[in-house]
Amino acid sequence: MNTEVLRNIGLTENEIKIYLDLLKAGSSTAYEIGKRTGIYRVHVYDKLEQLMDKGIVSQVYRSAKKHFQAANPGKIKQYIEDKRKKLEVQEEELNDLLPALHEMANLPKEDTSVEVFKGKEGLKYFLKDIIKTKKEVLVTGIDDAKYQETIPTFMKQYFRDIRKNKIKERVITLKKKQVFLFDKETAPYTKYRFLESKQFNPTNTFVYGEKVVLVTWGNPVTAVLIKNKNMAETYKQHFENLWELAKKKVTQ
C-alpha cells in the first residue's frame, strides 16, 4: 500500500504503522500494538495520544484494560477538513495583522524596537509596561472578557495600579448584547465606546506613549510590542477618528 498520502497530510511513520495495524487487528492494548509493530511501548503511547488528538484513534476499556481502536477511515477526511478550517482562521488573523506588519517593515530601523511575547506572561508584561509608562491608554478590538478569563487575579492588580496612578483609559469595543465591561468601581478611569461590527477591526490594539501593542488570541496568545513614535502617532490619530464615530452606549 502506498502510504505517501498519509505522510503528506501530517502523519508520522510510526503513526501510520499504528493506525494501519489497528485497522487490521481491531481493538488492541498498547502492549499488543508494540509487539506487532516493533515500536517501543513508551513511543506507542505517545503516538496513540497524537492519533487521538487527530481524531482517528479512540480508546475503550475492556475487562478494566485500556484498548485502542482505529476510527472509520472517513475520519481522516474530517481531520483534513479540521486542518483546513484552522488554517482559514489563522489566515484571517494574519490578514488582520498584515497592515501593521507592512507598516513596521517601512519604519526607520534605528527608531524602532519590536518585542514578541507569548502566553499569559506576555499579556502581563505589556500591561505592567502601561503602568510604568503612566500615559493615557487607547484600546481597540478588545474583548475584556478574555482578559478577565485568562488572567483574572492580575487584572485586579492592573486596575488597582491604574486607579493609584490615575491613568486614563479609553476603550472601543464591539457593539453587542451582553457585552462584558469592567464596572466603574473597578475601572473608574476607563471610558467605553462601541462600534457596529461592519466598522469594527477585531485586532486587539493598545496604544500608549510611543508604543503600540498588537494582541492575537491564538494558542498561545501572542503580544507584539512595537516602540516607534511615528507609528504610535498614526495609531492614535486612527483611534481618535474611530472614537468620534463610536457610540457612547449599547442600545439593546
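A few points about this structure:
- Residue match in the stretch 195-203 (condition: at pLDDT 90 or above, on the phi < 0 side of the Ramachandran plot and either in the same structural domain as Tyr158 (by TED's automatic domain parsing) or surrounded by 13 or more Cβ atoms within 10 Å (Cβ to Cβ) (or both)): no
- Enumeration of residues in the stretch 179-195 that are assigned to a loop (DSSP other than H, G, I, E, B), over 28 Å from Ser113 (Cβ atoms) and in contact with a strand residue (DSSP E or B) (Cβ under 8 Å, 6 or more places away or on another chain): Val179, Leu181, Phe182, Ala187
- In summary, Val44 fulfils each of the numbered conditions (1) modelled with pLDDT under 90; (2) under 22 Å from Ile9 (Cβ atoms) with the single exception of condition (1).
- Leu101 satisfies every condition listed in (1) in the same structural domain as Phe206 (by TED's automatic domain parsing); (2) outside any helix (DSSP H, G or I); (3) aliphatic (A, V, I, L, M) except (2).
- The residue list Glu32, Glu49 contains one member that is out of contact with any His (no Cβ under 7 Å at 6 or more places or on another chain) and within 24 Å of Asn8 (Cβ to Cβ), which is Glu49.
- Against the conditions (1) modelled with pLDDT of 85 or more; (2) assigned to a helix (DSSP H, G or I); (3) surrounded by 12 or more Cβ atoms within 10 Å (Cβ to Cβ), Gly55 satisfies every one except (2).
- If you go through the stretch 66-88 and keep only what is closer than 14 Å to Ile18 by Cβ and either among the polar types (S, T, N, Q) or part of a strand (DSSP E or B) (or both), you end up with His67, Phe68, Gln69, Ala70.
- Residue, surrounded by the fewest Cβ atoms within 10 Å (Cβ to Cβ), within the stretch 17-36, restricted to residues that are in a helix (DSSP H, G or I) and in contact with a Lys or Arg (Cβ under 7 Å, 6 or more places away or on another chain): Tyr31
- Of all residues making up the stretch 223-252, the number that are at pLDDT below 90 and hydroxyl-bearing (Ser, Thr, Tyr): 1
- Residue match in the stretch 64-77 (condition: over 30 Å from Ile226 (Cα atoms), among the polar types (S, T, N, Q), touching a residue at least 24 places away in the same chain (Cβ under 8 Å) and surrounded by 14 or more Cβ atoms within 10 Å (Cβ to Cβ)): yes
Residues are listed down the side, and each one gets a yes or a no for (1) assigned to a loop (DSSP other than H, G, I, E, B); (2) modelled with pLDDT under 85; (3) acidic (Asp, Glu); (4) touching a Ser or Thr at 6+ places or on another chain (Cβ under 7 Å):
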{"site": "Val114", "(1), (2), (3), (4)": "no, no, no, no"}
{"site": "Leu127", "(1), (2), (3), (4)": "no, no, no, no"}
{"site": "Gly141", "(1), (2), (3), (4)": "no, yes, no, yes"}
{"site": "Lys146", "(1), (2), (3), (4)": "no, yes, no, no"}
{"site": "Phe159", "(1), (2), (3), (4)": "no, no, no, yes"}
{"site": "Lys177", "(1), (2), (3), (4)": "yes, yes, no, no"}
{"site": "Thr205", "(1), (2), (3), (4)": "no, no, no, yes"}
{"site": "Val212", "(1), (2), (3), (4)": "no, no, no, yes"}
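The values are calculated or read from the model by the stated rules, or taken from the named source; none is laboratory data. Since we're looking at a predicted model, the values are computed, not measured. Don't worry about glycine lacking a Cβ; one is built from the backbone with ideal geometry, like all the others, and counts go over all protein chains shown.
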